[in-house]
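Here is the structure we will look at.
The values are calculated or read from the model by the stated rules, or taken from the named source; none is laboratory data. Predicted, not measured: the structure shown is a model, and the values here were computed from it. Note: ideal-geometry Cβ built from the backbone for every residue, glycine included; neighbour counts use all protein chains shown. Heavy atoms of the whole protein, side chains included, go into the accessibility calculation; ligands, DNA and RNA do not. Shrake-Rupley method; radii C 1.70, N 1.55, O 1.52, S 1.80 Å.
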Amino acid sequence: MNLSIRSIRIFFLKDCKGYDIMKKIISVLLLFALSLTVSCASKSTVQKENVGVGRKDVLYSGIGSSNPAADTDPLPEKRISVALCGDDIIYQAGFTDAKKRSDGTKEYNFLPNYQYVRSVIESADIAFVNQETLMAGEEYKYSDYPQFNSPRDLLYDLRTVGFDVISIANNHMLDMGTSGLESTIQFYKSFDDITMVGGYESEQDFMTPRIVERNGIKIAFVAFTYSTNGYSVRGDSTTYIPYINDNDIERSIALAKESADMVFVSMHWGVENSFTPSEEQKRVAQLIADCGADLIIGHHPHVIQPVEWLTGENGNKTLCIYSLGDFVAVMQRASNMLGAVVTLDVVQAGGEFTIENPLFNPTVFNFGPSYYNGHVYFLYDFNDDMAKTFGNVYGITADREDLFEIVRDTVDEEFLPEWAKQN
């Protein structure tokens with residue numbers, strides 16, 4: 001039977017005797033309809049409040065809002081760009097070249113080394129490099145292998161190029177003794193816009209995370225080295241060397257995670273001239289992933305090594321770059337001149353922080369006769385004419401295709417830009 005209230009009312013209006021009955025029935029029906037409306041509204045309100053609380057727990061850390069719509073609106077996406085470079089090693093040819101290139105504003109001019117890759121570095125929100133030579137001051141005398149000390153004009157130029165995070169944790173950090181390292185640390189500390197990691201005045205200083213914030217995203221940097229070439233810190237010094245060991249890795253990452261959104265770990269490790277990461281590299285990399293770090297920045301082998309995603313014990317993803325190769329160096333093999341500028345995005349969306357678009361952009365450090373006139377080029381800019389004189393001081397040869405072949409044999413195409421895949 002499908003009768004509306006209106007049809008019932010008409011039926012009873014036609015029969016005056018049933019009018020009173022009609023009013024009672026209508027009253028009952030209206031009360032029943034009203035109770036259904038209240039019940040549904042109440043249920044809807046409860047469901048909306050549950051959703052809102054859940055969103056606030058995730059996105060607003062329990063902080064309430066006077067605007068109901070704010071409880072369900074996702075946080076706006078935030079994004080920052082990052083550029084990562086490997087070993088910057090200044091040999092005698094490098095600082096001799098820089099002195100010849102002086103523009104009169106300072107004694108040494110290193111800017112030409114980087115002029116062909118500078119635009120990518122300075123446009124990044126954060127740019128990192130491993131500086132493998134000390135800047136202890138001219139009183140220690142400028143020198144190269146096996147004990148490096150570079151002119152301090154170098155740091156001014158790295159800053160101008162766009163580097164704002166620099167690691168000095170490497171096997172040459174005690175080349176000028178404890179006092180040379182202490183002098184270098186103090187020099188870096190004189191720059192408010194450069195974050196230096198890897199050189200620490202004390203163990204307490206080591207346990208104080210270095211945090212860089214861009215666009216509201218906080219990234220902590222920690223750094224380690226496998227060795228200091230047999231040198232050790234003077235007994236009366238508090239200077240702390242961040243040697244690779246499981247305990248320091250675990251505690252430094254744990255502290256960094258307390259105050260930062262992401263943790264990047266710089267690792268000076270591996271076997272020189274090996275394109276394959278060692279078993280110890282792989283073990284330590286997995287430990288870092290299990291600790292919850294987001295990125296591993298590897299260097300030291302003086303050649304490039306693979307890039308891969310690791311899965312930590314909590315299901316987290318860690319991007320591992322086993323070796324970025326040499327950025328600036330004058331060495332004896334064509335493969336030693338290969339490096340990379342790895343670019344990537346750090347993205348915050350919906351309360352989650354992820355790494356996106358990692359690209360291994362291969363570079364080559366090309367120098368002319370007698371070691372001089374060196375420049376870093378992206379490999380696509382390295383032409384056959386350059387290859388004819390490439391490394392001729394050592395009697396080595398390499399052409400463009402040889403170098404591309406090394407890149408493609410070492411790095412999975414997932415991480416290569418299109419130009420590096422196709423050449």
Checklist entry - All but one of (1) closer than 20 Å to M267 by Cβ; (2) modelled with pLDDT of 95 or more hold for P209; which doesn't? => result (2)
Item to check | Total residues in segment 116-155, condition touching a His at 6+ places or on another chain (Cβ under 7 Å) and farther than 21 Å from K189 by Cα | outcome: 1
Checklist entry - Can you pull out the residues in segment 304-358 that are surrounded by 18 or more Cβ atoms within 10 Å (Cβ to Cβ), over 17 Å from the mean Cα position of the chain (by Cα) and part of a loop (DSSP other than H, G, I, E, B)? => result Q305, A329, V330, M331
Checklist outcome for this item: Being within 20 Å of T343 (Cβ to Cβ) and of a type in the set (D, E) narrows D192, D157, D125, D175 down to just D125
Checklist outcome for this item: Considering segment 266-290, residues that are of a type in the set (D, E, K, R) and farther than 16 Å from L324 by Cα, and then whichever is surrounded by the fewest Cβ atoms within 10 Å (Cβ to Cβ), we arrive at E279
Next on the checklist: Against the condition free of Cβ contacts under 8 Å to residues at least 40 places away in the same chain and among the basic types (K, R), how does R408 come out, does it pass?
Outcome noted: yes
Item to check | Total residues in segment 403-423, condition out of contact with any Phe, Trp or Tyr (no Cβ under 7 Å at 6 or more places or on another chain) and part of a loop (DSSP other than H, G, I, E, B) | outcome: 2
Checklist entry - Can you spot a residue in segment 374-382 that is out of contact with any strand residue (DSSP E or B) (no Cβ under 8 Å at 6 or more places or on another chain), of a type outside the set (K, R), open to solvent by 40 Å² or more (accessible area, probe 1.4 Å) and at pLDDT 85 or above? => result yes
Item to check | Subset of segment 351-366 (residues that are more than 15 Å from G86 (Cβ to Cβ) and in contact with an Asp or Glu (Cβ under 8 Å, 6 or more places away or on another chain)) | outcome: F353, I355, E356, N357
Checklist entry - Residue check, A136 against (1) modelled with pLDDT of 95 or more; (2) within 23 Å of the chain's Cα centre (by Cα); (3) aliphatic (A, V, I, L, M), all met but one. Which one? => result (2)
Item to check | Subset of segment 216-252 [β-branched (V, I, T) and either more than 17 Å from V197 (Cα to Cα) or surrounded by 16 or more Cβ atoms within 10 Å (Cβ to Cβ) (or both)] | outcome: I217, I219, V222, T225, T228, V233, T239, I241, I244, I249
Item to check | Every residue from segment 362-373 that is of a type in the set (S, T, N, Q) and open to solvent by less than 60 Å² (accessible area, probe 1.4 Å) | outcome: T363, N366
Checklist entry - Looking at this structure, is S150 within 17 Å of A124 (Cβ to Cβ), open to solvent by less than 10 Å² (accessible area, probe 1.4 Å) and among the hydroxyl-bearing types (S, T, Y)? => result no
Next on the checklist: I'd like the full set of residues that are of a type in the set (A, V, I, L, M, F, W, C) and either more than 13 Å from the chain's Cα centre (by Cα) or within 21 Å of I80 (Cα to Cα) (or both), limited to segment 204-233.
Outcome noted: F206, M207, I211, V212, I217, I219, A220, F221, V222, F224, V233
Checklist entry - Do we find that Y188 is under 18 Å from N130 (Cα atoms), hydroxyl-bearing (S, T, Y), open to solvent by 10 Å² or more (accessible area, probe 1.4 Å) and in contact with a strand residue (DSSP E or B) (Cβ under 7 Å, 6 or more places away or on another chain) in this structure? => result no
Checklist outcome for this item: If you go through L155, L111, the only one that is of a type in the set (A, V, I, L, M) and open to solvent by less than 10 Å² (accessible area, probe 1.4 Å) is L155
Item to check | Odd one out for E308 among (1) touching a Ser or Thr at 6+ places or on another chain (Cβ under 9 Å); (2) under 20 Å from F415 (Cα atoms) | outcome: (1)
Next on the checklist: On the basis of being open to solvent by 10 Å² or more (accessible area, probe 1.4 Å), more than 18 Å from S266 (Cα to Cα) and in contact (Cβ under 8 Å) with a residue 12 or more places away in the chain, does S143 make the cut?
Outcome noted: yes
Item to check | Residue among L174, L75 that alone is among the hydrophobic types (A, V, I, L, M, F, W, C), farther than 22 Å from S335 by Cβ, part of a loop (DSSP other than H, G, I, E, B) and at pLDDT below 95 | outcome: L75
